[in-house]
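Laboratory data are not the source of any read-out in this text; all were calculated from the coordinates shown. Keep in mind that what you see is a predicted model, and the values were worked out from it rather than measured. All Cβ positions, even for glycine, are placed from backbone atoms using ideal geometry, and neighbour counts span all protein chains on display.
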Amino acid sequence: MYKKIGNYLSILVLSLMIAVFIVGHFILGYTVMYVTSNSMQPFIQKGDYILCKRTNSTETLEIDEIYCYDSEGKLVIHRLQSITDDGLSFKGDNNISVDRMVQRENVEYIYVCVLFRLPFGKDLD
């Protein structure tokens, strides 16, 4: 009897998790990303799982906010430094130099939060 209830609860929880993922990702535009670089340390660390929300081209970008942008097919997560007529200037918190200029249409996500951090201390690349 208890085993059947446990099975039903497991199916219910799994179904709810799938529903939340579908609504969050496809309807609300949220996605989970895994960080593979130290460029945003100490704020965001290599190995963190972060939550990001898709942006659209009409949203106003804010200086000092963290965004994910497409750089030659790879997503880069860095802080917005400045907005000029030539484009957007980003820089990783742990980097010395500023990234090359990025166009607004290449900005795909805004950082929301760190979901969780793996405390293993090993490189996962």
Which FRET efficiency, nearest 0.05, do Tyr8 and Phe116 yield, Cβ-Cβ r, R0 41 Å? 0.90
At 1.002 mPa s and 20 °C, Stokes D of the stretch 40-121 from Kirkwood alpha-carbon radius, µm² per second: 162
Label zone at Ser37, where the point sits 7 Å out along the Cα-to-Cβ direction: the stretch 79-114 residues whose backbone N lies under 15 Å: 79-81, 89-103, 107-109, 111
